Amino acid sequence: MSIAEKIRELHAWLPADVEVVAVSKFHPVEQLMEAYNAGQRIFGESRQQELLAKIPQMPADVRWHFIGHLQTNKVRSLVGRVAMIESVDTQHLLDLIDAESVKAGVVSRVLLQVHVAQEETKFGFYPEEIYQYMSERRFEALKATHLCGIMGMATNTDDTERVRLDFQAIAECKRRCLEIAPDLRGFDILSMGMSDDFKIAIEEGSTLVRIGTAIFGPRNY
Ligand SMILES: *Cc1c(COP(=O)(O)O)cnc(C)c1O
């Protein structure tokens, strides 16, 4: 199946309230354009340099999501250029995004990445850290950053019950945030699900799936 056919099939299949990020890291712009021409508008990249190189080569109405681990010295170059940073994994990073957004005169939309997987290698806040952040209402200090929800990844395993439990834990994190801070506005997004597990993620409440391989094929690292 071509990239365009995969995009069309995915869009036809997805429930109306679920959006798809086409994760295009390591794929050339020609392939992104195939997806774009089939109607895809949200693209996800995980490396700052690669993203900055692709932005000017793609149409202006692309909405870029940054989904990788973001080093603090690279924040300034992304602020104002991406529609969303999904992978905010420390308060330090969040505060820096806010400071740079103030300086740039823009509002940044971000997700808090939560760590639930049974793997040490994944980044993210532990749920308790997020609950503490919310209950202490530290978000009130943000001047130019909109917390839009939660992003998370399931354990990389064939055990679908483990994967489902991880997605339930991620969904629970978002639900509890709103219980702790019910006045948090626009905290709507639950970003979870990748090529191998997005159907389970949607069953567990995902509103944003991040799909690479199932659209573009395997990556050549
Ligand atoms: C690479 C990546 C994806 C996409 O993974 P696929 O298995 O290729 O769909 C999704 N989310 C994040 C955070 C990624 O780094």
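Computed quantities for the displayed model
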{"item": "Lysines with Cα under 26 Å of Lys74, excluding same-chain neighbours fewer than 8 positions away", "result": "Lys25, Lys54, Lys103, Lys122, Lys143"}
{"item": "Base-10 log of normalised Debye intensity for segment 145-212 (one unit scatterer per alpha-carbon) at q = 0.15, 0.20 Å⁻¹", "result": "-0.45, -0.73"}
{"item": "Mean residue ellipticity (222 nm) of the chain, computed from DSSP H runs ≥ 4 via -39,500 (n - 2.57), nearest 500", "result": "-11000 deg cm²/dmol"}
{"item": "Hydrodynamic radius of the chain per Kirkwood, over alpha carbon pairs, in Å", "result": "17.7 Å"}
{"item": "Within-13-Å neighbourhood charge of Ala154 [Cβ basis; K, R +1; D, E -1]", "result": "-4"}
{"item": "Cβ-based net charge around Arg210, under 12 Å, with every Lys or Arg adding one and every Asp or Glu removing one", "result": "-4"}
{"item": "Neighbour-count order for Met1, Met151, fewest beta carbons within 10 angstrom listed first", "result": "Met1, Met151"}
{"item": "Kirkwood-type radius of segment 71-190, with distances r between different C-alpha atoms, in Å", "result": "14.8 Å"}
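Laboratory data are not the source of any read-out in this text; all were calculated from the coordinates shown. As the structure is a computational prediction, the values presented were derived from the model and not from experiment. Every residue, glycine among them, receives a Cβ derived from its backbone with ideal geometry; neighbour counts consider all protein chains shown.
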